[in-house]
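Please find one structure pasted underneath; my questions will follow.
The values are calculated or read from the model by the stated rules, or taken from the named source; none is laboratory data. Being a predicted model, the structure only gives us computed values, none of them experimental. Here the Cβ positions follow ideal geometry from the backbone for every residue, glycine too, while neighbour counts run over all protein chains shown.
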């Protein structure tokens, strides 16, 4: 019998999700033993036209990492949705837009200005990327940059979600183990829409640090604070920590070593907007009642958008700036 087909695609992302899959070490062999790798551009040479020639739903499962930033990304999202029985939003970019999603606060023109007219770029002719260019060898094309970054489920229907930036390797291995059992008839698929490879609570709930409902009068950067103690909640020591608003599943790796959670596993279960939930967590520990005093505390956060929506802006209630959304319309 032929093995079921597996695919993985890299859209607008850094490539960390691809590396995380390879970091499952010898379990990659289990993937190869149980699936035919039909499409994985980072690992094999397969052309888009070969995917287009495949029968619809001939791929059992596709791990789609990266957000939708270009026309090419959208084309591949729609193509792989059609060719796959199961489409998995894999990693933070596909699920939330991740850090690239912060570009939704700017228009395309301002992004190009920043990239091609900054003090470190020599561009005396003020050149910009062209969608079509003629060269002696023929015609070169570039995919168009879309006005805003979108998550995978804002473009096509998604069957499952695997959060993380990138997902932890042991959780990727657990997800693949479930898929292999399904293929062998030893397990049923989880309910459609389920979040795989993550917990069902918050980072705070799996963090070993002690919370005493302390109040703070200032939010500081880690370099501004004296040596932190190793037992108390980082947020209650005055350090910005996204644990109260972030889904569990990472084993609280960052707080365990004295670094604040930055929110890479996305919104905790039941949380509609991760940034808004984090704001309420900060408000709950601020030891001030006067509006001006509260403003002074919040001034300790130099980049509110990047702090509260570092990973989730594209999938939040805010989503993008008015100017960027106007371009999309």
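One residue is enough: does the stretch 59-78 have a residue meeting the conditions surrounded by fewer than 19 Cβ atoms within 10 Å (Cβ to Cβ) and either in the same structural domain as residue 265 (by TED's automatic domain parsing) or in contact with a helix residue (DSSP H, G or I) (Cβ under 7 Å, 6 or more places away or on another chain) (or both)?
no
Which numbered condition trips up residue 82, out of (1) within 30 Å of residue 200 (Cβ to Cβ); (2) in a helix (DSSP H, G or I)?
(1)
Oh, and also: So, residue 20, is that one closer than 30 Å to residue 273 by Cβ, under 13 Å from the mean Cα position of the chain (by Cα) and touching a residue at least 60 places away in the same chain (Cβ under 8 Å) or not?
When the stated conditions are applied, residue 20 does not pass them.
Suppose we filter the stretch 195-223 for residues that are touching a strand residue (DSSP E or B) at 6+ places or on another chain (Cβ under 7 Å) and surrounded by 13 or more Cβ atoms within 10 Å (Cβ to Cβ); how many remain?
So the answer is 11.
Looking only at residues that are in a strand (DSSP E or B) and in contact with a helix residue (DSSP H, G or I) (Cβ under 9 Å, 6 or more places away or on another chain) in the stretch 85-95, which one is farthest from residue 147 (Cα to Cα)?
86
I would also like to ask the following. Given the criteria assigned to a strand (DSSP E or B) and surrounded by fewer than 18 Cβ atoms within 10 Å (Cβ to Cβ), does residue 49 qualify?
When the stated conditions are applied, residue 49 does not pass them.
Within the stretch 292-320, track down each residue that is in a helix (DSSP H, G or I), touching a residue at least 24 places away in the same chain (Cβ under 8 Å) and in contact with a strand residue (DSSP E or B) (Cβ under 9 Å, 6 or more places away or on another chain).
Answer for the stretch 292-320, where residues must be in a helix (DSSP H, G or I), touching a residue at least 24 places away in the same chain (Cβ under 8 Å) and in contact with a strand residue (DSSP E or B) (Cβ under 9 Å, 6 or more places away or on another chain): 297, 298, 313, 314, 315.
Has the stretch 17-39 got any residue that is under 17 Å from residue 155 (Cβ atoms) and touching a strand residue (DSSP E or B) at 6+ places or on another chain (Cβ under 9 Å)?
Scanning the stretch 17-39, I find no residue that is under 17 Å from residue 155 (Cβ atoms) and touching a strand residue (DSSP E or B) at 6+ places or on another chain (Cβ under 9 Å), so the answer is no.
Right, residue 164: outside the structural domain of residue 10 (by TED's automatic domain parsing) and crowded, with 22+ Cβ neighbours inside 10 Å or not?
no
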